[in-house]
1. Can you report the number of residues in the range 3-34 which are aromatic (Phe, Trp, Tyr) and touching a Lys or Arg at 6+ places or on another chain (Cβ under 7 Å)?
2. Do you know which residues across the range 49-71 are surrounded by 12 or more Cβ atoms within 10 Å (Cβ to Cβ) and part of a loop (DSSP other than H, G, I, E, B)?
3. Keeping to the range 22-78, report how many residues are within 11 Å of residue 8 (Cβ to Cβ) and among the hydroxyl-bearing types (Ser, Thr, Tyr).
Amino acid sequence: MTKKMWKVISPIEKKDGTVAYWARLGNAHSNRDDSINVYLDTLPTNGKIQLRELTEEDLRERSDRRASYTSRLPQSSTATLPASAQEPIPF
């Protein structure tokens, strides 16, 4: 069974009432019983949210973003610290 994933978005409207763009608010995942858990990073000011199933392109972009994050990590967490910072502080 493949777990379905959605993006949670909200329309951001211009003052004339037309939609300017869609803001990403969070994500959602399906459960075994077909219920959906929604995780919001921010709340919409207009009270409108929409769930859209993630596309292959969305998943590819997400994978690329995650790969770029791991390439920015230092090789060793202590390699960037000075020697004095690596030693424990006696209390």
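Bear in mind that the values in this text are calculations on the coordinates, not laboratory data. Quick caveat: nothing in here was measured; it's all calculated off a predicted structure. Cβ placement follows ideal geometry from the backbone for every residue including glycine, while neighbour counts extend to all protein chains displayed.
1. The qualifying residues number 1.
2. Of everything in the range 49-71, those that are surrounded by 12 or more Cβ atoms within 10 Å (Cβ to Cβ) and part of a loop (DSSP other than H, G, I, E, B) turn out to be 49, 54.
3. 2
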